[in-house]
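Worksheet: one structure, shown below.
The values are calculated or read from the model by the stated rules, or taken from the named source; none is laboratory data. Since the structure is predicted, the reported quantities are computational estimates derived from the model, not experimental observations. Here the Cβ is made from the backbone with ideal geometry for all residues, glycine too, and neighbour counts use every protein chain on show. The area values use the complete protein model at the heavy-atom level, side chains included, leaving out ligands, DNA and RNA. Shrake-Rupley method; radii C 1.70, N 1.55, O 1.52, S 1.80 Å.
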Amino acid sequence: MDSHDAPVAGALVAFSQGRFGVEGSLWLGPLCNGNNREQMTALTEGLREAAERVHAISLTCWPNQVYCVRDSQGKAMAEPNDEMVREYERLGWKHAGFTRGYDALMNRWNYVKDLREFSNAGELLASYAKNTRRNVKIARNSGVEVRRLNRSELNVFHDICELSSERQHFANRSLDYFERVYDAFGDKAEFMVAEVHLDRYLQSWEEKLAKFSKDVERLERSLEHTKYPDDVRKKLDTAQKNVESARRRIEDANERIARDGEVVPVAVGLFMWHERELVYFSSGSDDRYAKFYAPTALQHEMMSRCLERGVTRYNFYGISGVFDDPEDDGRGVLEFKQGFNGYVEELPGEFTLPVNKLRCGVSDLAHKLLRR
C-alpha cells in the first residue's frame, strides 16, 4: 500500500502438494514493479511469511514484466532489464536462466501485435507481410467464414485440436476441460471456428470456369483473322490453362462436398478477452484444408474485432524464442505469427524462492538426478 492506502503491488499464490512438500506458484506474478526495491522487499517478505504459515518448502514465480523487447526477427530493440533480475536474486530468488524453447508451464517468449495505429480492418490487413495479406484474401474468396462456437459444439473444437495434437505430437486437452473453461469464463473466453463453405467455393469456381471458357472461345475466333497470331496464341494458352485449373478446382470441391459436406469446420482457436489485450490461447486445424488458409483468416478476424472493441493489444502467445534455426520445432509457428508483422516480448522466466532450504535442496537434487 502507498501512503494513501492504495494498493501498489500484490500476488496470488496457489499452494499445492508436491513430491517433497507444499509448493507455492505465482502464475504471471507477482504484480509489482520488479525494479522497485521497496515493493519487491515488502512483497517477498510477505510471500515468505505466507509460505511459512502453510509449511511450504518453496515459492516459484513467473513475472509478467517484460525483460527485453525484440523485433519480429528476435533482435533486441532496447537494453534488457537485467536490474529486475538482479533485484529478484538480491532477495533470495533463484533464477532458472534465460531459456529457449517451449516451456511446459509458462511461456518465456510471446509474440505480440500493437493495434493502436489501426482504425479499421483494411489498415490492419495492409500491415501484414505480403504472403499473409494474400492468404487472408484467398481464405475470403474460398468461402471461409469465422463464427463463435456455443457450448454444445465444443466437441468440434476438441476434435480439431486433436488433429493438430496428433500431427505435432502434443497432448490435447479433454472435452471436459474446454467445457469448464467455457463455464468459468463466460464471454471472456471465445471458442471460435473457421468454416469452409464449400457450396459457395464450388459456385465461385463454376462462375470462373464459365468466364474462362468464354475467353477461350473469343480468342479462338480472334485467331482466325488477327494480324498478331503469336500474341493471341499466348493469351489462348493462358485461357486454356485457366479452364483446366477451374475444372480441377470444381472436381476437388465436389469430392470434398461428397466426403465432408457443404460446410466444414477446419480451424479453431480459443481467445481470452481482457480490457488490456486479447490472448490467442490455443488452436487446431485440419491439414487437409491447409490451402484454404482458415487459421490466417481466424487471426485477422479476431484482430479486427479488437479494433471494434477498442482493445489495442493482440497477444499471439508463445513462440520458442529460436529465430536462427530453420530446423527448430517451433519454426512453423514462428513464421506464421511473423507474417502478421508484430514484435516479441521476452519475459524474465522462472524464479524460485527457497522457504525450507533443506527440503528445497533435496527437491532440487532429485530433479537434477531425474533430469527434470
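How much accessible area per residue does region 151-220 have, counting only protein heavy atoms and a probe of 1.4 Å, in square angstrom? All intermediate terms of the calculation are to be shown ahead of the outcome.
Details: 3960 Å² over 70 residues.
Averaged over the residues of region 151-220, the accessible area is 57 Å².
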Fill in: Residue with peak Gaussian network fluctuation, the chain [Cα springs, cutoff 10 Å], from 123, 335, 217
217
Discussion item. Suppose every Lys and Arg Cβ carries +1 and every Asp and Glu Cβ carries -1, with no other charges. What dipole size does the chain come out with about its Cα centre, to the nearest 20 debye?
Written reply: 660 debye
Discussion item. Keeping every protein chain present and rolling a 1.4 Å probe, give me the accessible area per residue for region 235-322 in Å².
Written reply: 46 Å²
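For region 19-115, what does the relative contact order come out to in percent, with C-alpha contacts under 8 Å and a separation of six or more? Write out the running numbers ahead of the final one.
On the way: 93 pairs, mean separation 27.3, N = 97.
Computed value for region 19-115: 28 percent relative contact order.
Using helices alone, what [θ] at 222 nm do you get for the chain, with -39,500 (n - 2.57) per DSSP H run of 4 or more residues, divided over all residues and rounded to the nearest 500?
On the way: 11 runs with 165 residues, N = 372.
For the chain, the value works out to -14500 deg cm²/dmol.
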Worksheet entry | Residue-normalised accessible area of region 8-99, given per residue in Å² at a 1.4 Å probe | 54 Å²
Worksheet entry | Geometric extent, Cα atoms of region 252-368 - Rg, Dmax (angstrom) | 20.4, 68
Response to the item:
The farthest towards the positive end of the charge dipole of region 113-211, of the residues 177, 144, 128, given +1 on Cβ of Lys and Arg and -1 on Cβ of Asp and Glu, is 128
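On alpha carbon coordinates alone, what is the Rg over Rh value for region 1-132, Rh being the Kirkwood radius? Display every interim value, and only then the final one.
Working: Rg = 18.7 Å, Rh = 17.6 Å.
Rg/Rh: 1.06.
Starting from the exponent 0.38 and prefactor 2.2 Å, build the expected Rg for region 61-113 from its residue count and divide its actual Cα Rg by it. Working shown, then result.
Values: Rg = 12.0 Å, N = 53, 2.2 N^0.38 = 9.9 Å.
Computed over Cα atoms of region 61-113, the ratio equals 1.21.
Please report the carbon-and-sulfur percent of the accessible area for region 270-350; probe 1.4 Å, protein heavy atoms only, DNA, RNA and ligands left out.
Values: 1490 of 3360 Å².
The nonpolar share, carbon plus sulfur, comes to 44 percent.
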Fill in: Exposed chymotrypsin sites (Phe, Trp or Tyr not before Pro) absent: longest stretch of the chain, with sites in DSSP loops and at most 15 other Cβ within 10 Å deemed exposed
171-372
Worksheet item: Using the alpha carbon gyration tensor of region 177-312, what are the three equivalent-ellipsoid semi-axes (square root of 5 times each eigenvalue), largest first, in whole Å?
Response: 46, 18, 10
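So what is the relative contact order of the chain, in percent, for Cα pairs below 8 Å that sit 6 or more residues apart?
30 percent
Please report, as a whole percent, how much of the solvent-accessible surface of region 110-245 comes from carbon and sulfur atoms (probe radius 1.4 Å).
Details: 3900 of 8190 Å².
Carbon with sulfur: 48 percent of the solvent-accessible area.
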Worksheet entry | Within straight-line cross-link reach of residue 137, lysines at Cα separation under 27 Å, skipping those fewer than 8 residues along the same chain | 113, 208, 211, 214, 235, 241, 291, 337
Discussion item. How many angstrom lie between the Cα centre of region 308-362 and the Cα centre of region 69-136?
Written reply: 7 Å
Worksheet item: What whole number of Å gives the distance from the Cα centroid of region 276-293 to the Cα centroid of region 159-212?
Response: 8 Å
Discussion item. Quick check for me: using +1 on Lys/Arg Cβ and -1 on Asp/Glu Cβ, what's the dipole size of region 147-200 about its Cα centre, in debye to the nearest 20?
Written reply: 160 debye
Worksheet item: How big is the charge dipole of region 132-279 about its Cα centre, in debye rounded to the nearest 20, if each Lys and Arg gets +1 on its Cβ and each Asp and Glu gets -1 on its Cβ?
Response: 800 debye
